[in-house]
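Asker: The structure under discussion is supplied below as structure tokens; questions concerning it will follow.
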């Protein structure tokens with residue numbers, strides 16, 4: 001197992017669960033790629049604004065805080081559309097894959 005890979009981390013579980021949406025594997029439509037790029041940039045900016053670098057820990061911390069906020073607002077991922085929250089979670093999962101934190 002590579003260094004930094006956490007098989008049962010929240011990032012790994014969420015990446016598996018959200019993998020059903022498709023854009024984490026293969027080539028998504030250009031509009032979706034652009035949306036995920038924008039969300040990923042916002043996530044990186046948010047992490048660096050706190051004085052941290054993107055790491056497994058900082059990304060997991062961001063994800064936990066984001067999901068807590070979603071739950072407080074009553075958001076549910078049961079939809080088959082790409083709403084704002086789904087795009088943000090997918091971008092976190094994509095960052096986790098790009099940085100090698102999940103497969």
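The values are calculated or read from the model by the stated rules, or taken from the named source; none is laboratory data. All values reported here derive from a predicted model rather than from experimental measurement. Neighbour counts are summed over all protein chains in view; Cβ atoms, including those assigned to glycine, are modelled from backbone coordinates with ideal geometry.
Asker: Restricting attention to segment 13-53, report how many residues are at pLDDT below 75 and part of a helix (DSSP H, G or I).
Answerer: Here the count works out to 9.
Asker: Could you list all residues from segment 54-66 that are part of a loop (DSSP other than H, G, I, E, B) and either surrounded by fewer than 16 Cβ atoms within 10 Å (Cβ to Cβ) or out of contact with any helix residue (DSSP H, G or I) (no Cβ under 6 Å at 6 or more places or on another chain) (or both)?
Answerer: 55
Asker: List pairs: first in segment 55-71 and free of Cβ contacts under 8 Å to residues at least 12 places away in the same chain, second surrounded by fewer than 12 Cβ atoms within 10 Å (Cβ to Cβ) and outside any helix (DSSP H, G or I), Cβ under 8 Å, 6+ apart or cross-chain?
Answerer: 58/50
Asker: Report yes if residue 69 is more than 21 Å from residue 12 (Cβ to Cβ) and assigned to a loop (DSSP other than H, G, I, E, B), otherwise no.
Answerer: no
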